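All remarks here apply to the structure that follows.
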Amino acid sequence: MFTRTFSAFLLLLASATLAVDDYQLGPLSQVKDGVPQGKVISMPAYESKIYAGTKRDWWIYVPAQYQVDKPANLMVFQDGHDYVGVKGAWRVPVVFDNLIASGDMAPTIAIFINPGHSGESEPASAWKNNNRGKEYNTLGDTYARFLLEEIIPQVQKDYRLTDDPEGWAIGGASSGAICAFTVAWERPDRFRKVFSTIGSYVDLAGGHVYPSLIRLTESKPLRVYLQDGSSDLDNPYGNWPLANQQMDRALAFMKYDHTFVFGDGAHNSKHGASVFPQAMKWLWRP
């Protein structure tokens, strides 16, 4: 009897261990027959003046329902290479196609933009672009100015975007997440919605101050979706799960319109991508 009970316990323990971080993409992340598909446009590599000496790859998504006489909403994704693919981790164009077709989102143009890289040598991957830490982890309004003065005007040459800040969102993961929050924090007159997964609200470049800063600053008109997991990073720069929980508590204390989804995931996109369609429904709700 003891042997059978102990064996069952070991089996249960093994199953629980295997289930950790075992998140899957749902039906809204799959291409559906009959759903109009938007187009993804690869833009010319952009050389920045604000981040002088850097260039970056970027793409835009334009929904099938876009009409010239009806300004579209906007959402910007940092580390754009990770979000733009229709068969990748996030599949943003597919999710947007499905949610726009169902009426859960208004027609929304997306910008997928990589961090900058300086020098002649090409990095092994976009994750290794050497200006990423400076652009994403640094507090202040520089990156917001880069988007508003350099990148978004390039899109507006060909497409009409709404002037309503409630129609502008920004998102990212890890350092891209704190970057997204910083943009909205600095410029709530333009960006009102934030999608943040495994956010690096730790001391990579002073971002650990945000929970205290939120509590000490008059509330801003932001809507914030936070995600993290209990298996996220813990290193000399800070504890990611704790930092995100502190962000959640600070936003709650100041009565922000926000939600926090906390799972058992590690520092990857699995959990965030699995909840992405539901997050977009929540973020873009009336």
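The values are calculated or read from the model by the stated rules, or taken from the named source; none is laboratory data. Predicted model only: the values in this text are computed from it and were never measured. Positions of Cβ are generated from backbone atoms using ideal geometry, with glycine treated the same way; all protein chains shown enter the neighbour counts.
Some observations on this one:
- Output for region 76-97, where each listed residue is in a helix (DSSP H, G or I) and surrounded by fewer than 21 Cβ atoms within 10 Å (Cβ to Cβ): His81
- Within region 230-245, the set of residues being touching a His at 6+ places or on another chain (Cβ under 9 Å) and under 21 Å from Ile170 (Cα atoms) comprises Trp240, Ala243.
- Residues satisfying the stated conditions in region 223-258, i.e. buried (at least 17 other Cβ atoms within 10 Å of the Cβ) and hydroxyl-bearing (Ser, Thr, Tyr): Tyr225, Ser231, Tyr256
- Which numbered condition Leu251 misses (of (1) in contact with a His (Cβ under 6 Å, 6 or more places away or on another chain); (2) more than 19 Å from Pro221 (Cα to Cα)): (2)
- Cβ-Cβ under 9 Å pairs, at least 6 apart or on other chains, region 61-74 side modelled with pLDDT of 95 or more, far side among the aromatic types (Phe, Trp, Tyr) and outside any loop (DSSP other than H, G, I, E, B): Tyr61/Phe96; Tyr61/Phe112; Pro63/Phe96; Asn73/Trp168; Leu74/Trp168
- The residues of region 133-174 that are in contact with a strand residue (DSSP E or B) (Cβ under 8 Å, 6 or more places away or on another chain), touching a residue at least 40 places away in the same chain (Cβ under 8 Å) and in a helix (DSSP H, G or I), listed by number, are Tyr136, Leu147, Glu150, Ile151, Ile152, Gln154, Val155, Gly167.
- Test for Asp189: is it surrounded by fewer than 20 Cβ atoms within 10 Å (Cβ to Cβ) and of a type in the set (D, E, K, R): yes
- Count of region 16-74 residues, restricted to those that are assigned to a loop (DSSP other than H, G, I, E, B), closer than 30 Å to Phe262 by Cβ, touching a Ser or Thr at 6+ places or on another chain (Cβ under 7 Å) and not small (Gly, Ala, Ser), is 5.
Conditions tested, residue by residue: (1) within 17 Å of Ile113 (Cα to Cα); (2) surrounded by fewer than 20 Cβ atoms within 10 Å (Cβ to Cβ); (3) among the basic types (Lys, Arg).
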residue: Arg145; (1), (2), (3): yes, yes, yes
residue: Gln154; (1), (2), (3): yes, yes, no
residue: Ala173; (1), (2), (3): yes, no, no
residue: Ala184; (1), (2), (3): yes, no, no
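- For region 248-282, a residue qualifies if it is closer than 26 Å to Gln24 by Cβ and of a type in the set (A, V, I, L, M, F, W, C), and the qualifying residues are Phe260, Val261, Phe262, Ala266, Ala273, Val275, Phe276, Ala279, Met280, Trp282.
- Condition met for Lys220 (within 30 Å of Asp69 (Cβ to Cβ) and either out of contact with any Ser or Thr (no Cβ under 7 Å at 6 or more places or on another chain) or crowded, with 20+ Cβ neighbours inside 10 Å (or both)): no
- Qualifying strands (runs of 3 or more DSSP E) (wholly inside region 184-270; at least 2 residues being at pLDDT 95 or above and of a type in the set (Phe, Trp, Tyr)): 257-263
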